[in-house]
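Contents: one structure, followed by commentary.
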Amino acid sequence: MKFTNASTIFLSLAVASQQATAFAPTTKFSSIQRPTTTTTHAPRFSSSQLYSRLTPEQQTEEDDEIERLKSMAQKLRAEAAALEAERAEEISKAAEDAFRKFDKNDDGEITFEELKAGLEKSLKMELPEKRVMKLMQDFDTSGDGKLQPEEFVGVEKFRNRLEQLIREEKQQAREAKLAAEKEAEAARLIEARMNILNDGEPTTKDKIISVLPYLFPLLDSLQFGRFLVAENPENPFVVVLALLFTLYKSIPFSGFLSFLALNILSGNPGINRLVRFNMQQAIFLDIALFFPGLIGAVFALAATGAGVQFPSAFTEISSDLIFGTLLLTIGYACVSSLLGVTPNKIPGISQAVEDRMPTVDMFDDEGRFIPRQMREKKDDEDDKKKDD
């Protein structure tokens, strides 16, 4: 009996084994006539008892059939093993032939160049060096950069590995494309937000406008600079301040209106950041002037209640000191702003202003401002999702 492949032999082997089992003494004698009585207590016989009831000729015949089937099964196993050995020998011979074809200089080793040239000739396609190098790394178990005969697996396995590499590269390309699209979308959103929030370099016009908010704390500080103003009535700077102060006080609720205007305008993201920063810092400086006046009023009240009177020189010096400090602060802020540099070095005030300045992440994708509480809540939710 001749079979063309191992799978056919294994199938025949299984059938023969089943037939051998079917002819075994334990299951064979279904043809024996059992008593057809209606009684519920019919006699029962074990398989050995049934087998012993056969005639010697029948027993011999059944034994011969079982031995024949066992012999057939053993023959099928031998043929299957022979076919497997033959197939392995053919594969080995094909690998040896392919190795000799790849090994152009017959040195017993296949270099990267020989592998690339051999595969391109066998597969009739041009291969990128990156893929061939990956093949070399996968099958070069010795790590010497060359393939020895025992490391050479044949053209078919190289082909299968190349197809796998192509699938992996396509998957990586798809993932890279998706990542690039996400990055482009993120960049687009950031650019859109930046267009909403004017954080660019200030123009000359912006630099000049940015110093005007400091007139607000300057005019309110003249209450502390009254002694210096009175001592220098002909000073041009004093004259200009006096005119501005007169105009400022001629407007009802001028202080409140100035505070309100600066506060509203500083929240406009379309205005350059330097201008918005100085608006907020001017408000903070004006608020800071409230505390020296409050402290002076408390000391004066306490001194009056205690019957103590502060010397006029003390009041004048303290007022001049406060006014001079404010003039230096405003001078620093104006010079820095005219140079295009944010004046954020005022102790205790500049940092508070920085914390209030809006940034790109404070706006959603549609350009709407997100309050701090909602941003913090959203950040917490995002952190929980990452943890999960």
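The values are calculated or read from the model by the stated rules, or taken from the named source; none is laboratory data. Note that this is a predicted model, so its numbers are computed, not measured. Don't worry about glycine lacking a Cβ; one is built from the backbone with ideal geometry, like all the others, and counts go over all protein chains shown. With ligands, DNA and RNA removed, areas are computed over all heavy atoms of the protein, side chains included. Shrake-Rupley method; radii C 1.70, N 1.55, O 1.52, S 1.80 Å.
How do ILE251, ILE264, ILE196, ILE346 stack up against each other in accessible area, from largest to smallest, with a 1.4 angstrom probe?
Final ranking, largest accessible area leading: ILE264, ILE251, ILE196, ILE346.
Could you check the spin-label model distance between ALA179 and THR359? Points 7 Å from the Cα along Cα→Cβ, value in nm.
The modelled label-to-label distance comes out at 2.5 nm.
Find out how many positive minus negative residues lie around VAL238, taking Lys and Arg as positive, Asp and Glu as negative, among other residues whose Cβ is under 15 Å from that of VAL238.
With Lys, Arg at +1 and Asp, Glu at -1, the net is -2.
Do the alpha carbons of any pairs in LYS116/LYS146; LYS124/LYS157; LYS104/LYS134; LYS93/LYS134; LYS93/LYS130; LYS116/LYS170 sit beyond 18 Å of each other, and which pairs?
Cα-Cα > 18 Å for LYS104/LYS134; LYS93/LYS134; LYS93/LYS130; LYS116/LYS170; rest within.
Enter the accessible area of THR246 (Å², nearest 10), with the probe set to 1.4 Å and all protein chains included.
90
Using a cut-off of under 13 Å, list every residue of segment 206-246 whose amide N is near the label point 7 Å from the Cα of ASP320 along the Cα-to-beta-carbon line.
Under 13 Å, as judged by backbone N against the label point of ASP320, lie 225-232 of segment 206-246.
So how much accessible area does ARG161 have, in Å² to the nearest 10, using a 1.4 Å probe?
The accessible area of ARG161 comes to roughly 40 Å².
Extension gain GLN351-SER71, at 0.36 nm per residue separation less the Cα-Cα distance, in nm?
Value of the extension gain: 91.1 nm.
What accessible area, in Å² to the nearest ten, does a 1.4 Å probe give for ASP320?
The accessible area of ASP320 comes to roughly 40 Å².
Which percent of the accessible heavy-atom area of segment 149-266 goes to carbon and sulfur, probe 1.4 angstrom?
Of all accessible area on segment 149-266, carbon and sulfur atoms account for 64 percent.
In Å², and per residue, what accessible area does segment 57-206 have when probed at 1.4 Å with the other protein chains present?
For segment 57-206, the per-residue accessible area is 69 Å².
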